[in-house]
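The values are calculated or read from the model by the stated rules, or taken from the named source; none is laboratory data. Bear in mind that the values here come from a model prediction, so they are computed numbers and not experimental data. Cβ sites come from the backbone with ideal geometry, for glycine too, and all protein chains shown count toward neighbours. Keep in mind that these areas ignore ligands, DNA and RNA; they rest on the heavy atoms of the full protein, side chains included. Shrake-Rupley method; radii C 1.70, N 1.55, O 1.52, S 1.80 Å.
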Amino acid sequence: MEIKEEVIKGGMEAIRPLIEEGLKKGRTAEDILAEMIEGMHEVGELFERKEYYVPETLLSAHTMMLGLEMLRPLLSVEKAAERGRVIVGAVESDIHDIGLNLVAMFLEAAGFEIYNLGRDVPTKVFLEKAEELDPDVVGVSAMMSTTALKVREVIEGFEKAGLRDGRFFVVGGAAFSEELADEIGADAYAQDAKKAVEVFQELMKRRK
Amino acid sequence: MNSYKRFQRAMEGDTPDRTPVAPMVNVPHASRVLGVKPWEYVTDNALYVKGQIAAQRKYGYDWIFNHQPIQGITAEERKAVRVEQDFVVLPTEMGSVLKIPLDGGPAVIDPALKDYSMLDDLEMPDMDRPGRMEPLEELLRQVGDEVYICSKVPAPFHYAAEWMRGLNQFLLDMLVNPQYVHRLLDFMADVAIEIGKKQIDVGTHGIMMEDPSAAAQVISPDHYREFAYPYERKVARALKAYGGDVIIHICGDTTPILPDLARTGAKCLSVDESVDLRKAKETVGDRVALFGNVPVETIYRGTEEEIKAGVRKCIDSAGGSGYILSSSCGLHRGTPFKNLHTLVDYAIKYKKE
Ligand code: B12
């Protein structure tokens with residue numbers, strides 16, 4: 001459980017040697033990943049309880065990323081594809097990206113294949129990326145009432161381009177509520193990064 | 001009593017003839033009052049001054065928030081402005097590059113400090129460049145006798161985070177490279193002091209230091225005390241000693257750190273809607289004036305009655321001595337003129353029960 005502890009503590013230096021040791025002792029990459037995911041899950045809870053704020057949570061997520069980089073070549077490719085391919089970004093004119101990045105990292109930690117387009121992403125770019133990557137889920141963040149309404153434009157853009165079918169839209173950010181998400185035509189809403197992972201996993205199940 | 005005097009009184013903790021009203025009118029709103037694009041407004045000192053005064057005249061509130069962090073635009077900066085199809089790019093003297101969407105306010109796209117090895121090469125913005133202090137000088141010349149002119153200085157934490165490193169990177173730096181972070185913060189505090197002193201020399205009435213990256217949703221009270229507070233304090237104390245009156249604004253539920261904020265040397269604290277003004281008054285009201293906090297969301301899309309109720313709640317909780325009524329934060333883009341009129345007109349009339 002040392003690996004899990006390091007994820008929770010954000011032990012960026014300790015994580016790699018520990019993983020190496022684990023692999024040497026014959027643990028599988030999947031097994032180690034599962035332990036790290038457990039750690040991230042706890043981090044999510046600490047964040048929810050306000051024991052962790054953004055810096056601590058980012059540090060844990062980065063620690064997990066370091067571990068993931070080591071494991072990635074050893075993980076079977078089908079597994080990641082099975083979990084789903086995701087693009088996320090903050091809608092045009094919204095430069096809030098703290099929450100977005102946390103969500104992206106939590107999803108990556110949970111094994112999704114994730115492309116984070118960053119903040120202030122025009123609809124055009126969402127469309128280009130969707131065409132290129134054919135994601136299962138598109139996650140859009142909006143933190144302001146003004147930008148939340150713009151998410152509707154993104155979804156409509158996908159409809160017009162014939163790219164909406166077979167894809168889920170998940171929205172989040174301080175401006176959203178379950179109702180507003182519904183109103184603008186999203187498939188799901190999640191209020192925080194931990195919930196987001198559950199929602200995305202749920203959607204992927206629905207897909208199968 | 002004119003607006004200047006009224007605001008000034010409240011800053012001192014006294015009771016003016018009525019509650020001073022000072023909504024945080026920002027780039028998107030003031031430029032809309034003038035009917036120009038936000039980027040035109042921030043890259044043209046004359047338009048900027050015109051917009052500020054036009055908005056103050058239109059609504060009749062008591063202050064002007066001179067909100068450009070490194071003040072007026074210089075000829076060099078103006079020459080470097082690049083107009084793209086959907087946005088405008090504005091490199092600043094601090095080395096950070098701003099992007100201004102056609103319909104919104106500026107945001108940093110390219111932070112200046114790629115690497116802490118560049119730290120010792122950072123230069124102070126030159127406040128003596130022609131154009132820098134032009135907006136403040138003009139505002140003071142045209143309306144400074146009647147209206148309270150409050151100028152922004154860049155808060156060390158926020159500008160180190162957003163302008164110099166990018167907030168996400170900066171938050172990691174705090175945990176991984178604290179010694180460099182402290183050096184950067186110390187430098188940014190010196191920048192703020194330099195800018196603030198210049199503003200005081202020119203004659204600004206007040207100074208606003210907004211530190212939204214240190215928001216209570218983002219960092220813990222302990223990290224606030226370690227990384228934001230010491231530098232807010234350094235700036236506020238230095239400017240106080242130089243004769244300046246400082247207001248500090250931080251977003252989120254700052255209730256746990258209000259006692260710290262009250263010790264920074266700031267004269268007045270601005271809080272957002274997560275803070276209970278009545279409680280704030282009880283805890284720090286004897287040391288500092290308070291500023292806030294009609295929710296910007298209500299001003300954006302509330303009904304007339306909801307906006308009035310918001311005003312009543314604020315004045316009933318904190319009105320009287322040492323209180324200035326404001327929006328909880330910068331106004332939302334697209335806030336209807338009518339709503340802001342309702343807020344200002346009603347706040348001017350309403351008397352605490
Ligand atoms: C920090 C902050 C900033 C920073 C942002 C820095 C950055 N790089 O992100 C700065 C100072 C630059 C900033 C600027 C502005 N801000 Co601001 N900001 C905040 C603040 C205080 C905290 C946001 C935050 O990071 N929270 C912590 C993170 C971890 O939480 P989170 O973002 O909510 O994310 C979680 C969930 O929402 C969810 N989630 C988020 N995205 C997604 C996406 C998906 C797909 C899913 C499933 C879930 C999900 O999971 C996340 C993790 O758990 C909020 C206050 C608030 N109530 O949120 C205001 C706030 C969002 N800002 C606001 C405003 C208005 C602005 C400004 C216009 C300026 C102003 N007037 O103050 C500018 C706008 C700039 C722009 N064009 O976008 C308003 C928006 C109000 C509204 N309803 O419209 C808020 C609510 C403050 C307020 N009360 O007025 N801001």
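Structural remarks
- Given (1) within 30 Å of A:Ala148 (Cβ to Cβ); (2) crowded, with 18+ Cβ neighbours inside 10 Å; (3) within 11 Å of chain B (Cβ to nearest Cβ), index of the condition A:Gly10 fails: (1)
- Hits in region A:169-180 (condition: touching a strand residue (DSSP E or B) at 6+ places or on another chain (Cβ under 7 Å) and crowded, with 21+ Cβ neighbours inside 10 Å): A:Phe169, A:Val170, A:Val171, A:Gly172, A:Gly173, A:Phe176
- Residue among A:Leu71, A:Leu33, A:Leu18, A:Leu23 that is in a helix (DSSP H, G or I), free of Cβ contacts under 8 Å to residues at least 24 places away in the same chain, over 29 Å from B:Ser213 (Cα atoms) and open to solvent by less than 70 Å² (accessible area, probe 1.4 Å): A:Leu18
- Of all residues in region A:165-206, those satisfying the criterion of being under 16 Å from A:Glu108 (Cβ atoms) and among the β-branched types (Val, Ile, Thr) are A:Val170, A:Val197, A:Val199.
Yes or no, residue by residue, for (1) within 14 Å of another protein chain (Cβ to nearest Cβ); (2) farther than 26 Å from B:Val235 by Cα; (3) open to solvent by 60 Å² or more (accessible area, probe 1.4 Å):
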position: B:Pro69; (1), (2), (3): no, no, no
position: B:Val81; (1), (2), (3): no, yes, no
position: B:Val108; (1), (2), (3): yes, no, no
position: B:Met118; (1), (2), (3): no, no, yes
position: B:Met127; (1), (2), (3): no, no, no
position: B:Pro135; (1), (2), (3): no, no, no
position: B:Leu139; (1), (2), (3): no, no, no
position: B:Lys152; (1), (2), (3): no, no, no
position: B:His158; (1), (2), (3): yes, no, no
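- Selection from region B:88-104 of residues that are touching a residue at least 24 places away in the same chain (Cβ under 8 Å) and open to solvent by 30 Å² or more (accessible area, probe 1.4 Å): B:Glu93, B:Gly95, B:Leu102, B:Asp103
- Counting the residues of region B:170-193 that are more than 18 Å from the chain's Cα centre (by Cα), open to solvent by less than 10 Å² (accessible area, probe 1.4 Å) and away from chain A (no Cβ under 14 Å) gives 2.
- From the options A:Leu107, A:Leu102, residue that is under 19 Å from B:Asn168 (Cβ atoms) and either within 10 Å of chain B (Cβ to nearest Cβ) or open to solvent by 10 Å² or more (accessible area, probe 1.4 Å) (or both): A:Leu102
- Residues that are polar (S, T, N, Q) and buried (at least 20 other Cβ atoms within 10 Å of the Cβ) were ranked within region A:131-146; the one that is nearest to the chain's Cα centre (by Cα) is A:Ser141.
- Test for B:Ala289: is it open to solvent by less than 10 Å² (accessible area, probe 1.4 Å), in contact with a strand residue (DSSP E or B) (Cβ under 9 Å, 6 or more places away or on another chain) and farther than 26 Å from B:Val108 by Cα: yes
- Counting the residues of region A:100-128 that are under 20 Å from B:Ile109 (Cα atoms) and acidic (Asp, Glu) gives 1.
- Residue that is nearest to the ligand (Cβ to nearest atom), among those in region B:228-240 that are open to solvent by less than 20 Å² (accessible area, probe 1.4 Å) and closer than 14 Å to B:Ala160 by Cβ: B:Ala228
- Considering the conditions (1) within 14 Å of chain B (Cβ to nearest Cβ); (2) within 13 Å of the ligand (Cβ to nearest atom), A:Glu153 is excluded by exactly one of them, (2).
- Qualifying residue in region A:50-66 (condition: outside any helix (DSSP H, G or I), more than 24 Å from A:Gly99 (Cβ to Cβ) and within 14 Å of another protein chain (Cβ to nearest Cβ)): no
- Scan of region B:194-227 for residues that are away from chain A (no Cβ under 14 Å) and surrounded by 22 or more Cβ atoms within 10 Å (Cβ to Cβ), ordered by number: B:Ile195, B:Gly196, B:Gln199, B:Thr204, B:His205, B:Gly206, B:Ile207, B:Met208, B:Met209, B:Glu210, B:Asp211
- Inspection of region B:36-59 identifies at least one residue that is closer than 22 Å to B:Pro130 by Cβ and not in a helix (DSSP H, G or I).
- Residue count for region A:164-188 satisfying the condition of being near the ligand (Cβ under 7 Å from one of its atoms) and either in contact with a Ser or Thr (Cβ under 8 Å, 6 or more places away or on another chain) or without any contact (Cβ under 8 Å) to a residue 12 or more places away in the chain (or both): 4.
- In region A:117-130, the qualifying residues are those that are touching a strand residue (DSSP E or B) at 6+ places or on another chain (Cβ under 7 Å) and within 11 Å of chain B (Cβ to nearest Cβ), and the one that is most open to solvent (accessible area, probe 1.4 Å) is A:Arg119.
- Flag for A:Ala130 being at pLDDT below 90 and more than 10 Å from the ligand (Cβ to nearest atom): no
- Test: residue in region A:77-88 that is over 23 Å from A:Lys194 (Cα atoms) and open to solvent by 60 Å² or more (accessible area, probe 1.4 Å): yes
- Any hit, region A:133-141, residues being within 11 Å of the ligand (Cβ to nearest atom), in contact with a helix residue (DSSP H, G or I) (Cβ under 8 Å, 6 or more places away or on another chain), within 14 Å of chain B (Cβ to nearest Cβ) and in contact (Cβ under 8 Å) with a residue 60 or more places away in the chain: no
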